[in-house]
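Since the structure comes first, as structure tokens, the remarks are kept for the end.
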Amino acid sequence: MDNVIDVLRDKGHKITPQRRAVINALLNCGPFSTALQLLEYVKKEQPDVSLDTIYRNLSLFKQLAIVNEIQMINQDGNRFEISRDGHHHHIICLKCGKIECLQKCPVSKEAIETIEKNGFAVVSHSLEFYGYCSGCQKESNDFL
């Protein structure tokens with residue numbers, strides 16, 4: 001938690017009890033939690049916290065690269081994870097929602113250089129692969 005608080009302080013943001021509670025929830029609620037799961041966890045300590053407060057803090061944390069948001073398809077809400085291991089991407093099962101991290105970035109240095117040669121300053125990128133995990137493939141052949 002101290003690293004996250006240091007980033008917030010370094011960028012001039014207040015360390016409120018609500019922010020501490022959201023950070024704590026991100027660290028303890030599970031690796032890929034929804035905003036609603038985070039709210040449920042935070043409400044144990046801060047019963048008056050609203051879903052809007054959770055989303056505002058998540059938005060700030062994303063801007064500061066403290067949190068990654070994982071776009072979900074066919075699931076109830078996007079997932080959030082604290083950025084511990086630096087830059088990485090995800091593979092996501094469309095049926096069961098299982099998420100795995102890819103530690104190697106498949107975006108080449110040359111691709112980024114080509115984009116920048118066209119006058120676009122790349123500051124970040126995100127890539128998710130959607131498909132079906134081995135367990136869901138065994139259960140059903142509807143998607144093949």
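What number of residues within segment 116-144 are closer than 17 Å to residue 88 by Cβ and either surrounded by 11 or more Cβ atoms within 10 Å (Cβ to Cβ) or at pLDDT 90 or above (or both)?
7
Within segment 116-144, track down each residue that is under 28 Å from residue 64 (Cβ atoms) and in contact (Cβ under 8 Å) with a residue 40 or more places away in the chain.
Across segment 116-144, the qualifying residues are 124, 126, 128, 129, 130.
The values are calculated or read from the model by the stated rules, or taken from the named source; none is laboratory data. Only a predicted model underlies this, so the values are computations on that prediction, with no experimental measurement involved. Positions of Cβ are backbone-derived with ideal geometry, glycine not excepted, and every protein chain shown enters the neighbour counts.
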